Every structure is written in structure tokens, then in C-alpha cells.
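Chemist: Below you'll find the structure I mean.
The values are calculated or read from the model by the stated rules, or taken from the named source; none is laboratory data. Keep in mind the model is a prediction, meaning the values are calculated, not measured. Ideal geometry is used to build each Cβ from the backbone, glycine not excepted, and the neighbour counts take in all protein chains shown. Just so you know, the surface numbers come from the protein's heavy atoms only, side chains and all, with ligands and any DNA or RNA stripped out. Shrake-Rupley method; radii C 1.70, N 1.55, O 1.52, S 1.80 Å.
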Amino acid sequence: MASPSSPINEWIGAVSSDWSNPASWSNGIPGVSSDIIVPDASTVSFSPTLANSVEIHTITIQPDGVLNGAAGNLVLNGGNGAWTNQGGTFNAGTSTVAFSNASATISGVTNFYSIQVPSDVTLTVLPSAEVGFLGQVSNQGSWTNNGTLVILSNDSREGQFKNDGTVVNNGELLFRKAMKQSHGWVFIGFPFEV
């Protein structure tokens, strides 16, 4: 959600998937005050891949938009609407998304790899949002879950929630465990209330 002082910068992706290529953006390479829009992937030639280190205000992944995390580190310094997924895909890779605003929010359905919440930050997962993670959530601040938090697993790892702060759970906590069978994988999930 853009604030009046934050410039909107939309991915146009005509040249490459390189986040740092100014020709891939409507307003040049995004900066710390940019509100980013990742449009429907069918409207661009290339979908964006995070650079190693990126700091922006907010990001919105529109329906059918694709954002590739790779091994990038993304810092979101916006509050309400810091991360908004309207029905797109975040291919997290081994990326880390960190929130730096005291009142940051996540909306939509997104599977992350790692999430960082520093000590001076309150991160709120909004109702009807689903936040999954395969890497590690590092919470040193305050995490309020009003949606669904999903701890993911695959054949080589399981997500971990490291809490050195405060957690308020008003939603659901799910574990999705992948178990290998001779003909593929079976996913087992069950609700768990804290």
C-alpha cells in the first residue's frame, strides 16, 4: 500500500530479470522509499530476481505476478502493506525478507524462506493471510498472527521459528511435513493451537 510520499515503481521487465537494471523499472532502480509493484508475469518478458541486498518501502505482487528471491536479502521499511501478495508467486529460493517498520504487515498467501523481525518491530500477519516458511523465522520483536502460520518441510530441511521476542497467536499454526514414499511425496498437515 503506497503512502503519498513514496514513489510507485513498477517492474516492466523488458530487458532481463536483473533487479538492478534501471531499464527493468518504470522509475529506475528502486530505492528505500519505493513502493514496488510486480505485475502479472504474462505482461512482462522477464520476472524480477532480487539482488543480493535490497531495501524498499513496500512490495505488492499482483495476481499471477512472479518474484524470484534467489539468495537475495530484502528489507521492507514500510508499515501497513509492507508485503502484499494479491495472488502471485514468490519463489523464495534461500532469500531473507526483513521488516524494519514498527507496524509492518503481511497480507496474502506467501511461502518465504527466512523472515527477520528486529527488536523494535511489530509484524502483523493479517486475517486471511497465510505465511509459510522453510528456512528460519527470527523474531526479536513482536509477531502477531491473525492469519495462518505454516512451518514447511522438504526432503532436506524443516522450517524453524526462533523466538526471542513476543508472539501473539490469534490464528492458526500448521506444520506441513513432507514424507517420502516410493512414488513421490505425501504432505501431512494438521492445525496446532498455541
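Chemist: If you average the sequence gap of Cα pairs under 8 Å that are 6 or more apart and divide by the length of the chain, what percent do you get for the contact order? Mind showing how you got there, number by number?
Modeler: Values: 618 pairs, mean separation 22.3, N = 194.
Answer for the chain is 11 percent.
Chemist: When only C-alpha pairs under 8 Å and at least 6 residues apart count, what is the relative contact order of the range 1-69, in percent?
Modeler: Working: 155 pairs, mean separation 23.5, N = 69.
It comes to 34 percent, rounded to a whole number.
Chemist: Given C-alpha coordinates of the chain, what is the ratio Rg to Rh with the Kirkwood estimate of Rh? Mind dumping the intermediate values first?
Modeler: Details: Rg = 16.5 Å, Rh = 16.9 Å.
Answer for the chain: 0.98.
Chemist: Let me ask something else. Determine the dipole magnitude for the chain: charges of +1 sit on the beta-carbon of Lys and Arg, -1 on that of Asp and Glu, nothing else is charged, the reference point is the Cα centre, and the result goes in debye to the nearest 20.
Modeler: Values: 5 positive and 13 negative charges, 78 e Å.
Dipole about the Cα centre, nearest 20: 380 debye.
Chemist: Sort SER103, SER138, SER119 from largest to smallest accessible area, using a 1.4 Å probe on the heavy atoms of the protein chains. Provide the component values of the computation, followed by the final result.
Modeler: On the way: SER103 70, SER138 30, SER119 90 Å².
Result, largest first: SER119, SER103, SER138.
Chemist: Please report, to two decimal places, log10 I(q)/I(0) for the range 36-136 at q = 0.12, 0.14, 0.17 Å⁻¹ as given by the Debye formula with identical point scatterers on the Cα atoms and no solvent.
Modeler: Treating every Cα as an identical point scatterer, log10 I(q)/I(0) equals -0.33, -0.45, -0.68.
Chemist: Quick one: how many Å² of ASP164 are accessible to a 1.4 Å probe, rounded to 10?
Modeler: 100
Chemist: At 1.4 Å probe size, what's the solvent-accessible area of SER45? Round to the nearest 10 Å².
Modeler: 90
Chemist: Between ASN170 and ILE29, take the C-beta separation as r, use R0 = 30 Å, and let me know the FRET efficiency to the nearest 0.05. Write down the numbers at each step before the final one.
Modeler: Values: r = 38 Å, r/R0 = 1.28.
According to the calculation, E is roughly 0.20.
Chemist: Using a 1.4 Å probe and ignoring any ligands, DNA or RNA, find the accessible area of LYS162 and quote it in Å² to the nearest 10.
Modeler: Here the accessible area works out near 100 Å².
Chemist: Moving on. Once you place label points 7 Å from the Cα toward the Cβ at ASN91 and ASP155, how far apart are they in nm?
Modeler: Result for the modelled spin labels: 1.9 nm.
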